[in-house]
Amino acid sequence: MTDSSTPTGEPLVRAGVYTDTLERSTGRFASFAVAFAFVSIATGIFTTYGSVLKSSGPLGIWTWPIVIVGQLAVALLLGALAARIPVTGYAYQWVSRLANPVLGWITGWISFTFLAIVSVAVDYTVAATVVPALFDFTGTALTSFLITAGVLVLQGLLVGLSTKWTERVNNFAVTAELVCMVALVVLLFIVGVIAHKLSMGNLFSRGDIPAEGYWSFGTATSVGPWMLGFLLGAFTIVGFESAANLAEETKRPEIVVPRAMWQAVLASGVLGFLFLLVVTAAVNDPSALAESGTPIADVIKDILGSFVGTALLVLVAIAIFACGLVIVMSGVRLVWAMSRDQRFPGWQALHKVSPRTKTPLNATIAVTTISAVILGLFSTSTDALFILFSAATLLPAIIYAITVALYIATRRRLPASGGFSLGRWEIPIIVVAVVWLVFALSLFRDASFAQPWLYVAVMVGIGAVYLGYLLATRGTKGLKMPELRSIDAELDLVGAHHHQQG
């Protein structure tokens, strides 16, 4: 383990270099698997499909391709940043250098707020919907709390004890999810055609949603029925930038990380839409299905039988566990990165890398504990799942908007990158990303998102108090970041220094 100062004794931030380093062992597939697992189409579709049927009817699935185009544009822009600033801490690191350390800290805190709650949201899905369906019992607030807590602790143990084993588990889960999702699409289509159980009319049905005002944008405090369907994709296709949060552990991150990000969005988008099309065509009664707690599993069981339906639930459980695992790992890396810069509460302990496990063990314990506290706060709520997922959809949209806005403002003075460049496509991609993000943020004006906004406000308030403390005790100069140049070169220089000392 290294100390948080340079060989000359200067604090790492003032010296402009990082000396706390993790093992650089993550390869191409592992990087892609991290991004794909966070997105996790099995998790997202399984969790939100029923609510889309309720709000938008089957026709709501046609919002999915638009979300993919928008999020792909965002992924490409963030990939361009990841190639130029390949440092653990992703949005926190990027914004700190593109704008200033204060805005960077705020973005980092919002990112932490997102990761802390989305890990709970994802794990809560296993407890509230998957496990009761698998073992045929009616879940309660207490069983959901206990199962979620158990899953969260297991993920924390894996992340804290071994990055290599965390990646192995995730690689297996992602491979299983890819193979099984492709197999399900093919099987559902073939069996559905043979059994005459596919209805193309479903794909263009509103279900029980009235025709009047169906396509409207809504009012100042409400969103039109079809527009609410965008939340299916907006919740699912997020977190692809988690690959950038392992930049300092990735081999050739300037090439590997951007590719992992856009490939994860594209693969998730295409496979997810094919799955949505075939499942929706196979729905027998959309109105009745909307009331089910496990609508996707119900369709699978109807078409392929109970054995395959149960197998799907096992697949979904594995995918959700991997998704939560990657989120915990990403949250740990962010807390560690901010602590390394001496600007996260308790940084004195949280910046350390365990010499035994070669992981940020203290940061892992802290992130797992904080998520457990959030779980406790929400565990008695009857609509906990909606509140958690709504907050977990709102927060990344805010983070993406801040980062993309700063990319646009600073793109002409960014350091060159030999690993990834948008070239002449940069302007069209920026236009698509901006239009999409403005629209996505407008969805959260709906009155149903009042509680998620309250959660965001509370967490931002807590962050503001600590930021005020940092500014009062250090001033803005005390929050200085390493300069905006090739950070990877700095890390290599530090590595070479340690090699010479060894």
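The values are calculated or read from the model by the stated rules, or taken from the named source; none is laboratory data. As the structure is a prediction and not an experimental result, all values here were calculated from the model. Neighbour counts run over all protein chains shown; Cβ positions are idealised from the backbone, glycine included. Side chains are part of the model used for accessible areas, which takes the heavy atoms of the whole protein and leaves out ligands, DNA and RNA. Shrake-Rupley method; radii C 1.70, N 1.55, O 1.52, S 1.80 Å.
Of note:
- Separation between Cα centres of the range 153-185 and the range 373-411, rounded to whole Å: 23 Å
- In nm, spacing of pseudo-spin labels at Tyr469 and Ala349 (7 Å Cα→C-beta vector): 1.4 nm
- Per-residue accessible area (protein heavy atoms, 1.4 Å probe) orders Trp226, Trp165 as Trp165, Trp226, starting from the largest.
- Model label zone, Ala311; criterion: amide N under 18 Å from point 7 Å along Cα-to-beta-carbon; scope the range 185-219: 185-195
- The charge dipole of the range 108-246, taken about the Cα centre with unit charges on the Cβ atoms of Lys, Arg (+1) and Asp, Glu (-1), comes to about 180 debye, rounded to the nearest 20.
- Coupling constants for the range 424-439 follow from the phi torsions by the Karplus curve (6.51 cos²θ - 1.76 cosθ + 1.60, θ = phi - 60°), and in residue order they are 6, 7, 4, 5, x, 5, 4, 4, 4, 4, 5, 4, 5, 5, 4, 5 Hz; glycine and proline get x.
- Ranking Lys164, Lys480, Lys301 from most to least accessible surface, computed with a 1.4 Å probe over the protein chains only, gives Lys164, Lys480, Lys301.
- Simple point charges give the picture: +1 on the Cβ of Lys and Arg, -1 on the Cβ of Asp and Glu, and for the range 22-500 a dipole about the Cα centre of about 1540 debye.
- For the chain, adding -39500 (n - 2.57) for each run of n ≥ 4 DSSP H residues and dividing by the number of residues yields -22500 deg cm²/dmol at 222 nm.
- Amide H contacts under 5 Å for Thr26, placed H, 5+ residues apart: Thr250, Lys251
- Heavy-atom accessible surface of the range 22-500: percent carbon and sulfur, 1.4 Å: 68 percent
- Calculated from backbone phi, Karplus (6.51, -1.76, 1.60) coupling profile of the range 38-51 in Hz, x at Gly/Pro: 5, 4, 6, 4, 4, 5, x, 5, 4, 6, 10, 4, x, 5
- Once the 1.4 Å probe is applied to the protein heavy atoms, the range 22-500 comes out at 38 Å² accessible per residue.
- Exposed loop positions in the chain were taken to be GluC sites (Glu not before Pro) whose DSSP state is not H, G, I, E or B and which have at most 12 other beta-carbon atoms within 10 angstrom. Between these positions, the longest stretch is 292-482.
- Two-site FRET efficiency, Ser216 against Thr357, from Cβ-Cβ distance with R₀ of 45 Å, rounded to 0.05: 0.25
- Shape of the chain, Cα gyration tensor, a/c cut at 1.5: prolate
- To the nearest ten degrees, helix 450-474 and the longest principal axis of the Cα atoms of the chain are 0 degrees apart.
- Each residue of the range 120-136 was assigned a 3J(HN,Hα) from its phi angle through the Karplus expression (A = 6.51, B = -1.76, C = 1.60, θ = phi - 60°), giving 5, 4, 5, 5, 5, 4, 4, 6, 8, 10, 6, 4, x, 5, 5, 9, 6 Hz with x at Gly and Pro.
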